[in-house]
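The structure under discussion appears below in the form of structure tokens.
FYI, it's all coordinate maths here, none of it is from the lab. Keep in mind that what you see is a predicted model, and the values were worked out from it rather than measured. Quick reminder, even Gly has a Cβ in these numbers, built from the backbone with ideal geometry, and neighbours come from all protein chains shown.
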């Protein structure tokens with residue numbers, strides 16, 4: 001067995017390297033200039049290793065994005081809705097701000113021009129987070145902590161977090177997150 005064979009990455013280790021390479025390529029080059037060959041070179045593997053796993057760059061990018069997301073904050077029924085929402089919005093700030101392995105809002109805005117990726121991002125990244133917010137608000141109504149869920153309440157928090165990034169380039173601070181939570185809860 002040669003030295004190169006004994007150090008060859010396989011399975012999960014190789015996939016992890018390919019995910020990391022994809023996210024770095026997205027951050028540095030953008031989606032339009034990302035290539036399967038570039039990802040393979042960055043991961044120090046052959047392009048056949050990439051094409052065996054993903055037939056399109058869309059599929060590769062979507063899997064890399066899902067892999068790079070921090071765990072979805074869960075809805076904790078015993079916690080007050082304010083604390084649950086604060087946890088969700090704090091993680092959202094970290095994601096958008098590129099403070100996780102996820103590439104951040106600047107990269108995501110470059111992906112939504114591709115309809116397939118936009119739909120996949122909504123289905124796999126946005127919608128699960130909105131469902132957590134909806135569960136928090138529905139539980140708050142059941143427990144009497146709020147009277148009703150206002151129309152668009154589920155979307156307000158993420159929209160305000162994104163709005164802060166777009167206007168200032170920075171995530172909301174803790175006081176602003178508290179104001180966003182109050183807005184969502186109708187306080």
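What the table below lists for this structure:
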read-out	value
Principal-axis tilt of helix 127-142 within the chain, Cα atoms, nearest 10 degrees	20
Inter-site label distance for residue 109 and residue 48 at 7 Å from Cα along Cβ, in nm	4.2
Gaussian network model of the chain, Cα within-10 Å springs - most flexible of 149, 61, 132	149
Principal-axis tilt of helix 11-29 within the chain, Cα atoms, nearest 10 degrees	70
Euclidean distance between Cα centres, the range 85-108 to the range 147-171, Å	13
Normalised contact order of the chain, rounded percent, pairs of Cα under 8 Å and 6 or more residues apart	21
Normalised contact order of the range 107-175, rounded percent, pairs of Cα under 8 Å and 6 or more residues apart	16
Computed helical MRE - 222 nm, the chain, DSSP H runs ≥ 4 contributing -39500 (n - 2.57), nearest 500	-20000 deg cm²/dmol
Rounded to 10°, Cα long-axis angle of helix 57-68 versus longest principal axis of the chain	60
Top of 11, 30, 98 by mean-square fluctuation, Gaussian network on the chain, Cα under 10 Å	11
Mean Cα-pair separation over length for the range 35-143, i.e. relative contact order, pairs under 8 Å, 6 or more apart, %	28
Peptides 12-18, 64-70 ordered by average Cβ neighbours within 10 Å, highest first	64-70, 12-18
